[in-house]
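To keep things clear, I will list the structure first and then write my remarks on it.
The values are calculated or read from the model by the stated rules, or taken from the named source; none is laboratory data. Computed from a prediction, not measured in an experiment: that's the story for all the values here. Virtual Cβ from ideal backbone geometry, glycine too; neighbours counted across all protein chains shown. Surface accessibility is based on the protein's heavy atoms, side chains included, excluding ligands, DNA and RNA. Shrake-Rupley method; radii C 1.70, N 1.55, O 1.52, S 1.80 Å.
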Amino acid sequence: MKICVFGLDSAAPEIIFSDERLVNLRRLMDLGLYGRLESVVPPTAVPAWMCMCTSQDPGSLGVYGFRDRSDHSYDKLASANSASIKALTIWDHLARAGKKSIIVGVPPNYPPRRVNGVSIGCFLTPDTVKNEFVYPPALKAKITELVGEYPVDITDFHSDRKDWLKQEIFNLSRKQWQVVRWLLAEQEWDYFHFVDIGFDRMHHGFWNYFDPKHVQFDPGNGYQDAIPEYYRWLDEQIGSAIELLDDDTILLVVSGYGTERLDGGFAINEWLIREGLLVLNEYPKVTTLFDDLNVNWSKTKVWSEGEYCPRVFFNVQGREPHGVIPASEYESFQNEMKTRLEKLPGEHGEPLYSQVFKPKEAYRNICNVAPDLIVHLGERYWRSIGTVGHSNLHVHENDTGSESCSHTQDGMFILTASNCPLNGEYEGARLLDIAPTLLDLAGYDIPETMQGRSLVTGTQKKGQGGPDADSEKIVHDRLAGLGYV
C-alpha cells in the first residue's frame with residue numbers, strides 16, 4: 001500500500017476539528033481516525049518533524065533545536081541541517097524494501113537528502129536560485145518550468161506589511177501545491193510526504209488579528225479572517241490532491257504541534273544576570289545578542305540559548321573550559337535551578353507557571369551536547385528572549401521583531417486507510433507513534449529503533465517485498481554516510 005502524508009506545520013487542532021467549512025477534512029474525519037497528537041519537548045519544527053519520521057525523541061536524535069552546541073566550549077553553535085539527523089527515517093526503512101519516496105519541505109531538509117526517489121528542500125534552504133534544493137538535481141528544471149522560482153519560505157513573516165505578507169504566503173502555498181500535485185501524478189512513489197509551512201507563517205503573521213484572547217486583538221480588524229481563509233484554502237488543496245490518490249493509499253494529515261497566542265517574551269539571560277548566575281565583564285549600552293556579549297566565564301554559572309523554549313546550560317567544572325559548578329554538585333544545582341525557573345514571575349508578579357524539563361527524564365537517550373534544562377515559559381504563552389539590555393524582564397517584541405503566537409504541545413492527525421480497523425476520535429496518540437502506525441498499516445515490520453507504537457494494533461507485522469539493486473545501493477550509501485556500515 002502507498003503512504004501519503006500531508007503535514008500542516010503548526011495547524012491548530014481547535015480549528016481543524018471545529019470549522020465545519022473544512023469540508024474535505026471533515027470527510028476524512030468521518031471516514032477515518034483522528035485526534036490530538038502529543039508532541040515532543042520542545043514542540044518546534046526542528047526537531048519535531050524528524051522525531052515523527054524516525055519515531056525517536058530529540059535526545060535520541062541529538063538535536064534539541066535550530067541551533068545546538070557542537071561541543072562543551074562556549075562559542076561553537078551549529079545550525080541544524082539534513083546532515084544533523086543520523087537516525088533512519090521511515091523512507092529510509094522503506095527504501096530497504098525497494099520502495100521509492102518523495103519528500104517535500106520536511107525539515108530539516110537542506111541540503112536536500114539523497115533518497116530513493118525525490119527530495120525537495122525545506123524552509124531552511126538559503127536560496128533556491130543559487131543553491132541546490134532538489135534531488136536529483138535534474139528535476140530543478142522541471143520545477144522551474146512549472147512555477148518559476150520555487151519558494152521554500154517567506155522572506156519576512158514578521159513583516160508589518162500585512163497585505164503583502166498574506167499575498168506572499170498564498171503565493172508560496174499555491175506554487176508548492178502545484179508542484180505537489182505534479183509529483184503525485186507524474187512521479188513514481190510509494191511514500192509521499194509534504195509539509196506546508198504556510199500554516200506556520202500565517203499564524204506568526206496574523207494570530208493576534210484572529211484570537212480574541214490575544215493581548216493585541218482588536219475586534220473587527222481587517223485581518224480577522226486571514227487565518228480561517230488560509231485553512232479553507234488548504235482544505236481545497238488537500239481535496240484536489242486526494243483525487244490523485246488510489247483508493248488503497250494510506251492518507252495522513254498531520255501537524256506535529258499546534259498554535260496558541262503569545263502574551264510576550266521573557267528576557268531569560270537578563271534574569272540570569274540579575275540573579276548573579278550570568279556575569280558580564282561589561283554590560284551592553286544597547287540591546288545585544290548573547291553571542292556578542294562580553295561574558296566572564298570564570299564567574300558565570302548559567303546561560304541560555306534558544307528561540308521559543310529556552311535551553312539552559314550550566315558551566316560545570318571538568319566539562320566546560322572555565323567551569324564553575326563542581327561536578328559533584330551537578331544534580332543538586334540542577335534541582336535548585338529547576339525550582340527557581342518554575343517559580344519565575346509573571347509580568348504583574350503573578351506566577352508564570354513555567355514547565356522545566358531535565359533531559360534525562362524527558363528523553364530515552366541523550367546524544368551530542370544536550371541542554372542541562374529545557375523550559376516552557378508560562379505554559380508556552382511566553383517565549384524566550386535571549387538578548388541582553390532590557391529594562392524589563394517581560395517584553396512584547398522578540399529578538400527579530402513583533403510576534404503573535406507560540407507552539408503548543410498538541411498537534412493533530414487525521415488518518416484514513418482501507419484496512420484500518422479503527423475510526424472516530426482517538427485519545428492518547430503521540431508524535432512518535434506516527435511512523436510505526438504507517439508502517440504497520442502498510443504491512444512492514446516496525447524497526448526496534450522506533451520508540452513509538454502502532455495506534456492500530458501495537459504489534460509488528462512481517463515486511464513485504466525485497467530491495468532491488470538500485471534502491472539497495474541508495475540505502476547502502478545512506479547508511480554508509482551515516483556511519484552505520
key: Residue satisfying condition, being of a type in the set (Asp, Glu), open to solvent by 10 Å² or more (accessible area, probe 1.4 Å), in contact with a Pro (Cβ under 9 Å, 6 or more places away or on another chain) and modelled with pLDDT of 95 or more, within set ASP19, ASP92, ASP30, ASP71   = ASP19
inquiry  = Please go through the stretch 107-146 and give me each residue that is at pLDDT 95 or above and of a type in the set (Asp, Glu), ordered by number.
reply    = GLU145
query = Which residues, taken from the stretch 190-213, are open to solvent by less than 10 Å² (accessible area, probe 1.4 Å), touching a Lys or Arg at 6+ places or on another chain (Cβ under 9 Å) and either under 24 Å from TRP382 (Cβ atoms) or not hydroxyl-bearing (Ser, Thr, Tyr) (or both)?
reply = PHE192, MET202, GLY205, PHE206
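One line per residue, one yes/no per condition, for (1) part of a strand (DSSP E or B); (2) closer than 18 Å to VAL254 by Cα; (3) open to solvent by less than 40 Å² (accessible area, probe 1.4 Å); (4) of a type in the set (A, V, I, L, M, F, W, C):
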position: HIS407; (1), (2), (3), (4): yes, yes, yes, no
position: MET412; (1), (2), (3), (4): yes, yes, yes, yes
position: LEU415; (1), (2), (3), (4): yes, yes, yes, yes
position: PRO421; (1), (2), (3), (4): no, no, no, no
position: GLU427; (1), (2), (3), (4): no, yes, no, no
position: THR437; (1), (2), (3), (4): no, yes, yes, no
position: ILE446; (1), (2), (3), (4): no, no, yes, yes
position: ARG453; (1), (2), (3), (4): no, yes, no, no
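Would you check if there is a residue in the stretch 156-173 being closer than 18 Å to VAL106 by Cβ, open to solvent by 20 Å² or more (accessible area, probe 1.4 Å) and either touching a helix residue (DSSP H, G or I) at 6+ places or on another chain (Cβ under 8 Å) or hydrophobic (A, V, I, L, M, F, W, C) (or both)?
Initial filter on the stretch 156-173 (closer than 18 Å to VAL106 by Cβ): 172-173.
Among the residues that remain, those that are also open to solvent by 20 Å² or more (accessible area, probe 1.4 Å) are: none.
No, the stretch 156-173 has no match at all.
What are the residues in the stretch 125-142 that are surrounded by fewer than 22 Cβ atoms within 10 Å (Cβ to Cβ) and touching a strand residue (DSSP E or B) at 6+ places or on another chain (Cβ under 8 Å), if any? Before the answer, list the steps.
Within the stretch 125-142, the subset surrounded by fewer than 22 Cβ atoms within 10 Å (Cβ to Cβ) is 126-132, 135-142.
The answer is TYR135, PRO136, LEU139, LYS140.
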query = Counting just the residues of the stretch 290-309 that are at pLDDT 95 or above and in a loop (DSSP other than H, G, I, E, B), which one comes out least open to solvent (accessible area, probe 1.4 Å)?
reply = THR300
ask   = Can you find even one residue in the stretch 133-146 that is assigned to a loop (DSSP other than H, G, I, E, B) and more than 21 Å from the chain's Cα centre (by Cα)?
value = yes
